[in-house]
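What follows is one structure encoded as structure tokens, with my remarks underneath.
The values are calculated or read from the model by the stated rules, or taken from the named source; none is laboratory data. Since we're looking at a predicted model, the values are computed, not measured. Glycine gets a Cβ as well: all are built from the backbone with ideal geometry, and neighbour counts include every protein chain shown.
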Amino acid sequence: MIVVDANFLVLMFDHDAMPHIPRGADRIRHYIDILTSDRQTIVIPTPAISELVVGRLPRLNEIITEIRRQRCFKIQDFDQPIAIETGIIIDATFRRRSETPPVDSRNAFKYDAMIAATARVLGADAICTDDRGYGKWVDGTNIAVRKIADLPLPPQPAQQPLPFEAGVTASPSP
């Protein structure tokens, strides 16, 4: 089981959104194909959907329809066990820093903590993201952090033989 964050979803629906990831949308599509053929579940935490929706409200029905259309996806509600795990993760982070940061900075990473908590509660194998910060949220677990840029590219299609390579002769022009 793989948990994905908003970065993954953004590339699914806005193919040019992250130009710093070469062929990011191709990597996402191919990864979905791999996981689907392996009968893996791709978990989409509801906080990731809320991040995705920002700026994309006119496309909301299209987005939700596409997610529901693919059997590999499971939308995971932010439920009580995940909420408690989120609090534990955030509390542990602040304790390591030995200070309580201002409320504004706490809000900045809550979505990431919610997504990481989802992965922890569900026992996911990995989180797929472009965000470097997830390592701290899953530290001490067996959850891998897979960077989108490190996902495999789809195989190149086999080249079609050129007419003169296959012994095919071009017909003369009239």
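In region 106-142, what count of residues is obtained for those that are aromatic (Phe, Trp, Tyr), surrounded by fewer than 22 Cβ atoms within 10 Å (Cβ to Cβ) and at pLDDT 85 or above? Walk me through it before giving the result.
Within region 106-142, the first condition is being aromatic (Phe, Trp, Tyr), and the residues that meet it are 109, 111, 134, 137.
Adding the requirement that they be surrounded by fewer than 22 Cβ atoms within 10 Å (Cβ to Cβ) leaves 109, 111.
From what's left, at pLDDT 85 or above: 111.
Adding up the residues that qualify gives 1.
The set of residues in region 1-58 that are of a type in the set (Gly, Ala, Ser) and over 10 Å from the mean Cα position of the chain (by Cα) comprises ALA17, GLY24, ALA25, SER37, SER50, GLY55.
Of the residues making up region 56-72, those that are charged (D, E, K, R) and either surrounded by 13 or more Cβ atoms within 10 Å (Cβ to Cβ) or assigned to a helix (DSSP H, G or I) (or both) are ARG56, ARG59, GLU62, GLU66, ARG68, ARG69.
For the condition without any contact (Cβ under 8 Å) to a residue 40 or more places away in the chain and within 20 Å of ASP131 (Cβ to Cβ), what is the one hit in ASP5, ASP38, ASP16? Give the derivation first.
Numbers: ASP5 fails: without any contact (Cβ under 8 Å) to a residue 40 or more places away in the chain; ASP38 fails: within 20 Å of ASP131 (Cβ to Cβ).
Only one candidate passes the filter, namely ASP16.
Among residues of region 120-144 that are over 22 Å from ALA17 (Cβ atoms), those with a Cβ under 6 angstrom from a residue that is assigned to a strand (DSSP E or B), sequence gap 6+ or separate chain, pair up as ALA124/VAL3; GLY135/VAL145; ALA144/ALA126.
If I filter region 22-50 down to residues being out of contact with any strand residue (DSSP E or B) (no Cβ under 9 Å at 6 or more places or on another chain) and buried (at least 19 other Cβ atoms within 10 Å of the Cβ), which single residue comes out as nearest to ARG120 (Cα to Cα)? Please lay out each step first, then the result.
Keep residues of region 22-50 that are out of contact with any strand residue (DSSP E or B) (no Cβ under 9 Å at 6 or more places or on another chain), which gives 22-27, 29-30, 33-34, 37-39, 47, 50.
After this cut, where a residue has to be buried (at least 19 other Cβ atoms within 10 Å of the Cβ) as well, the list is 24, 27, 47.
Details: GLY24: 26, ARG27: 25, PRO47: 15 Å.
Among residues in region 22-50 that are out of contact with any strand residue (DSSP E or B) (no Cβ under 9 Å at 6 or more places or on another chain) and buried (at least 19 other Cβ atoms within 10 Å of the Cβ), the one nearest to ARG120 (Cα to Cα) is PRO47.
Hey, among VAL53, VAL103, which residue is out of contact with any strand residue (DSSP E or B) (no Cβ under 9 Å at 6 or more places or on another chain), modelled with pLDDT under 95 and either surrounded by 12 or more Cβ atoms within 10 Å (Cβ to Cβ) or among the basic types (Lys, Arg) (or both)?
Details: VAL103 fails: either surrounded by 12 or more Cβ atoms within 10 Å (Cβ to Cβ) or among the basic types (Lys, Arg) (or both).
Going through VAL53, VAL103 in turn, just one is out of contact with any strand residue (DSSP E or B) (no Cβ under 9 Å at 6 or more places or on another chain), modelled with pLDDT under 95 and either surrounded by 12 or more Cβ atoms within 10 Å (Cβ to Cβ) or among the basic types (Lys, Arg) (or both): VAL53.
Scanning region 27-72 for residues that are of a type in the set (Gly, Ala, Ser) and under 21 Å from PRO154 (Cβ atoms) yields a count of 1.
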